[in-house]
Amino acid sequence: MFKKILIANRGEIAVRIIRAARELGIATVAVYSEADKDSLHVKLADEAICIGKPSAADSYLKIPNIISAAQITDSEAIHPGYGFLSENQRFAEICEKNGIVFIGPKPELISMMGDKATARETASKHKVPMTKGSDGIVPSVEEAKEIAEWITYPVMIKATAGGGGKGMRIAHNEQELVENYVVAQNEAKANFGNPDVYIEKYVEEPRHVEIQVIGDKYGNVVHLGERDCSIQRRHQKLIEESPSAGIDAKTREKMGKFAVKLAKGIGYDSVGTLEFLVDKEMNFYFMEMNTRIQVEHTISEEITGVDLVKEQIRVAAGEKLSFTQKDINIHGHVIECRINAEDSENGFLPSSGILEKYIPSGGIGVRVDSHSYQNYEIPPYYDSMIAKLIVKGKNREEAIVRMERALKEFIIEGIDTTIPFHQKVFKNKAFREGKFYTNFIETYFSEVLEK
């Protein structure tokens with residue numbers, strides 16, 4: 001096992017990793033930008049090093065600074081968390097060249113599955129169900145027109161790099177295709193430095209369901225059930241739950257088997273998530289794979305009792321998985337709300353500032369993962385999430401009631417948050433009945449998209 005690891009991230013995921021490492025007896029090094037000097041991950045780590053100015057490009061994305069911080073602190077490994085450099089093949093390779101373990105999959109797997117177009121090709125080779133789509137990158141709008149005609153409209157134009165809903169556009173006809181092809185390319189280049197896009201069939205009114213997997217260096221792969229991430233705004237997840245209220249036991253079992261089959265087939269050796277679209281006939285289609293820990297890994301932990309971050313660190317250190325598929329049992333129902341520093345009454349505009357009051361929820365079945373505290377200043381430079389509120393109940397009905405109670409208890413003053421929006425969602429009849437799809441926000445809360 002490692003003696004010391006560096007966390008190349010910030011916010012709640014950095015805090016999460018520090019806590020897991022401490023329980024494993026591992027010393028931790030936090031890196032931080034000038035804007036994050038008062039963040040909780042800096043206070044909790046055994047050591048902390050400033051790596052640059054406030055912008056991510058000058059700090060959390062600055063590979064030489066992070067490697068230097070690891071070297072001068074004698075860190076044996078680096079955990080990238082999610083976002084930033086977590087799916088950067090070059091960063092993983094540089095870690096290896098400097099004798100530092102990258103706590104994640106092998107660099108070649110990041111390249112293979114982190115690029116969405118290549119991931120589709122790989123999944124196809126392993127006979128995983130997927131929608132019709134382009135054979136790799138689509139280099140011109142003329143080629144895009146031909147492919148869209150073959151696929152039939154509507155189609156989805158998607159950036160091959162990155163995530164978070166960036167570089168994704170739907171086209172219902174040729175005119176929209178021409179317009180959105182350019183928009184998707186420009187957005188992809190601006191956000192990921194890579195303008196490449198591919199095209200696939202757009203599944204109308206699907207559920208977004210993902211399978212959590214973890215593998216070790218000995219060929220063992222296990223899945224930990226599914227997460228339903230259908231409640232999203234502009235392809236960015238807002239609420240996640242497990243199990244999904246919209247798939248049956250047969251579909252759940254098939255999706256899990258396909259996820260393990262693909263992960264085993266490529267020799268996957270860390271935590272990862274395979275994302276699928278599920279239509280109303282229970283047909284499911286592979287979309288992409290995230291080769292990192294996910295924001296919503298917490299609900300898989302609560303539903304199975306497995307500490308995914310600890311297990312991720314263990315397998316990176318060369319240990320075998322401590323459990324098999326037979327050991328994974330699903331208990332109860334778990335829901336997560338992302339509490340963001342955004343004004344949900346005004347187009348979800350970012351809301352930075354000082355947390356004049358911060359009293360997180362508590363009680364039985366409630367978990368809060370956060371890096372925030374009273375009088376902490378939310379900086380304007382990074383992702384707007386300030387906390388994840390996770391609740392567990394014996395069934396979905398109890399989990400919903402518990403989440404309503406927890407949202408009401410969660411007191412934040414000084415900035416705007418998405419708590420009022422979440423409260424509205426939990427009062428929605430379609431949500432409470434589990435009858436919703438990825439167009440839920442557009443269908444029931446169109447006013448928040450128009451602002």
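Just checking, does the stretch 350-366 include any residue being out of contact with any Phe, Trp or Tyr (no Cβ under 8 Å at 6 or more places or on another chain), among the basic types (Lys, Arg) and over 18 Å from Thr417 (Cα atoms)? Walk me through how you get there before you give the answer.
Initially, the stretch 350-366 is screened for residues out of contact with any Phe, Trp or Tyr (no Cβ under 8 Å at 6 or more places or on another chain), giving 350-353, 356-357, 362-366.
Pick out the ones that are also among the basic types (Lys, Arg) and you get 357.
Cutting the leftovers down to over 18 Å from Thr417 (Cα atoms) gives us none.
The answer is no, given that none of the residues of the stretch 350-366 is out of contact with any Phe, Trp or Tyr (no Cβ under 8 Å at 6 or more places or on another chain), among the basic types (Lys, Arg) and over 18 Å from Thr417 (Cα atoms).
Step by step: first the residues of the stretch 123-154, then only those that are out of contact with any Lys or Arg (no Cβ under 6 Å at 6 or more places or on another chain) and of a type in the set (Lys, Arg), then the one that is surrounded by the most Cβ atoms within 10 Å (Cβ to Cβ). Which residue is that?
Checking each candidate, the answer is Lys145.
Somewhere in the stretch 43-65, is a residue in a helix (DSSP H, G or I), modelled with pLDDT of 95 or more and closer than 12 Å to Gly11 by Cα?
yes
I need the full set of residues from the stretch 143-159 which are assigned to a strand (DSSP E or B) and within 16 Å of Thr131 (Cβ to Cβ), in order please. Spell out the reasoning first.
Looking only at the stretch 143-159, we keep the residues that are assigned to a strand (DSSP E or B), and these are 155-159.
Once the filter is applied, which keeps residues that are assigned to a strand (DSSP E or B) and within 16 Å of Thr131 (Cβ to Cβ), the stretch 143-159 yields Val155, Met156, Ile157, Lys158.
Could you check how many residues of the stretch 299-332 are part of a loop (DSSP other than H, G, I, E, B) and of a type in the set (A, V, I, L, M, F, W, C)?
So in the stretch 299-332, the residues part of a loop (DSSP other than H, G, I, E, B) come out as 305-307, 317-324, 328-332.
Restricting the remaining residues to those that are of a type in the set (A, V, I, L, M, F, W, C) gives 306, 317, 321, 323, 328, 330.
Of the residues in that region, 6 qualify.
Condition first: within 28 Å of Ser384 (Cα to Cα) and among the charged types (D, E, K, R). Now tell me which residues in the stretch 197-246 satisfy that.
Glu205, Arg207, Glu210, Glu226, Arg227, Asp228, Arg233, Arg234, Lys237, Glu240, Glu241
Tell me which of these Ser372 doesn't satisfy, since it passes every other one: (1) under 30 Å from Ser59 (Cα atoms); (2) polar (S, T, N, Q); (3) not in a loop (DSSP other than H, G, I, E, B).
(3)
Within the stretch 73-142, which helices (runs of 4 or more DSSP H) (wholly inside it) include 3 or more residues that are within 21 Å of the chain's Cα centre (by Cα) and more than 30 Å from Tyr202 (Cβ to Cβ)? Don't jump to the end; show me each part of the working.
Details: elements: 89-97, 107-114, 116-125.
Filter on the stretch 73-142 gives 89-97.
Conditions tested, residue by residue: (1) in the same structural domain as Asp38 (by TED's automatic domain parsing); (2) within 20 Å of Lys237 (Cα to Cα); (3) crowded, with 19+ Cβ neighbours inside 10 Å; (4) modelled with pLDDT of 95 or more.
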residue: Leu349; (1), (2), (3), (4): no, yes, no, no
residue: Leu355; (1), (2), (3), (4): no, no, yes, yes
residue: Val368; (1), (2), (3), (4): no, yes, no, yes
residue: Val391; (1), (2), (3), (4): no, yes, yes, yes
residue: Glu397; (1), (2), (3), (4): no, no, no, yes
residue: Arg402; (1), (2), (3), (4): no, no, yes, yes
residue: Lys408; (1), (2), (3), (4): no, no, no, yes
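The values are calculated or read from the model by the stated rules, or taken from the named source; none is laboratory data. Quick caveat, the model's predicted, so the values are computed rather than measured. A quick note on method: Cβ atoms are made from the backbone with ideal geometry, for glycine too, and the neighbour counts reach across all protein chains shown.
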